[in-house]
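A.B. asks: Below is one structure. I have some questions about it.
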Amino acid sequence: ETEARIKYRYRYKPAFQPAIELYAGEDYFGVGPALQGIYRIDGQQQLKYQLGFITELSQSGNDHILRFALEYEF
């Protein structure tokens, strides 16, 4: 099964980077807005986040995906 993901983001500020994401697979095609950023703390510590809302366009149903990831590096 083949799958492709494309993200186009605007690097406005390190903490605020809006984006558009495209997801394509065998029976799936979805698109939606996303937001990500990095907050730097003391030294090498940082907090990364990603938030996206993907809407499926390939089927007649209204399937949506809310994706959130949070990463702490120390």
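A.B. asks: From the set of residues in the stretch 1-37 that are of a type in the set (Val, Ile, Thr) and open to solvent by 50 Å² or more (accessible area, probe 1.4 Å), which is nearest to Leu51 (Cα to Cα)?
C.D. replies: Ile20
A.B. asks: Tell me the residue from Asp27, Asp63 that is touching a strand residue (DSSP E or B) at 6+ places or on another chain (Cβ under 6 Å), among the charged types (D, E, K, R) and more than 15 Å from Arg9 (Cα to Cα), please.
C.D. replies: Being touching a strand residue (DSSP E or B) at 6+ places or on another chain (Cβ under 6 Å), among the charged types (D, E, K, R) and more than 15 Å from Arg9 (Cα to Cα) holds for just one of Asp27, Asp63, which is Asp63.
A.B. asks: Do you know which of the residues in the stretch 38-74 that are hydroxyl-bearing (Ser, Thr, Tyr) and under 19 Å from Asp27 (Cα atoms) is surrounded by the fewest Cβ atoms within 10 Å (Cβ to Cβ)?
C.D. replies: Ranking the candidates gives Ser60 first.
The values are calculated or read from the model by the stated rules, or taken from the named source; none is laboratory data. Remember, it's a predicted structure, so these values are computed and weren't measured experimentally. No Cβ is skipped: glycine too gets one built from the backbone with ideal geometry, and neighbour counts run over all protein chains shown. What goes into the accessible areas is simple: the full protein's heavy atoms, side chains included, and nothing from ligands, DNA or RNA. Shrake-Rupley method; radii C 1.70, N 1.55, O 1.52, S 1.80 Å.
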